[in-house]
Amino acid sequence: MIEKCAGRISCRVWIRYWEGMSDKGYARPTMRARELRANATDSERRLWTHLSVRQVAGVRFNRQVPIGPFICDFVSRGAKLVIEVDGGQHNWNAETDRARTRYLEAQGFRIIRFWNNEVMESIEGVVAKIEQALADRPSPDPSRKREGSFGARSAAAGDKT
């Protein structure tokens, strides 16, 4: 099990995660993700009605997505954005949440978190924050030279145009 510990996540957290999975009889995180999708909380269902079908900035989101050893509430792989809806269960497990955040950030994801009551009482504000996070993402670098482009072939052939 130690050799599976990668990145910045501690081996202790990784092992505890997998032990918890095997205690519940889950062979793979995808089975647990399916169960979580089927048993979503009220706040997760409410937010999903706004995130599904590319309703926010035309960005595709999936729910209960396994990323490494963790299952994230909502993920846009294209935008590299993870949205977590936290309830009271996250207060007592702060160490695991920090390790989870470090792991996801090491994979290139940005994480934004909302409390259940925030989603239930101010969904418009939550959606606005998500739209802002999507607008703040860096744009791809169009200036890099690509192999096979006209300019790259001319330079390689020694042409001066």
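The values are calculated or read from the model by the stated rules, or taken from the named source; none is laboratory data. For clarity, every value in this text was computed on a predicted model and none was experimentally measured. Backbone-built Cβ (ideal geometry, glycine too); neighbour counts: all protein chains shown. These accessible areas exclude ligands, DNA and RNA; they are computed on the full protein's heavy atoms, side chains included. Shrake-Rupley method; radii C 1.70, N 1.55, O 1.52, S 1.80 Å.
Summary table
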item: Hits in segment 69-99 (condition: open to solvent by 40 Å² or more (accessible area, probe 1.4 Å) and in contact (Cβ under 8 Å) with a residue 60 or more places away in the chain); result: Glu95
item: In segment 39-65, the residues that are of a type in the set (Val, Ile, Thr) and either open to solvent by 10 Å² or more (accessible area, probe 1.4 Å) or out of contact with any Cys (no Cβ under 6 Å at 6 or more places or on another chain) (or both); result: Thr41, Thr49, Val53, Val56, Val59
item: Scope segment 109-135; condition within 19 Å of the chain's Cα centre (by Cα), outside any loop (DSSP other than H, G, I, E, B) and either more than 20 Å from Gly87 (Cβ to Cβ) or among the hydroxyl-bearing types (Ser, Thr, Tyr) (or both); matching residues; result: Arg110, Ala128, Glu131, Gln132, Ala133, Leu134, Ala135
item: Filter result for Arg98 (touching a strand residue (DSSP E or B) at 6+ places or on another chain (Cβ under 8 Å), modelled with pLDDT under 95 and on the phi < 0 side of the Ramachandran plot); result: no
item: Restricting segment 74-94 to residues that are at pLDDT 90 or above and not in a loop (DSSP other than H, G, I, E, B), the residue that is nearest to Ala135 (Cα to Cα); result: Leu81
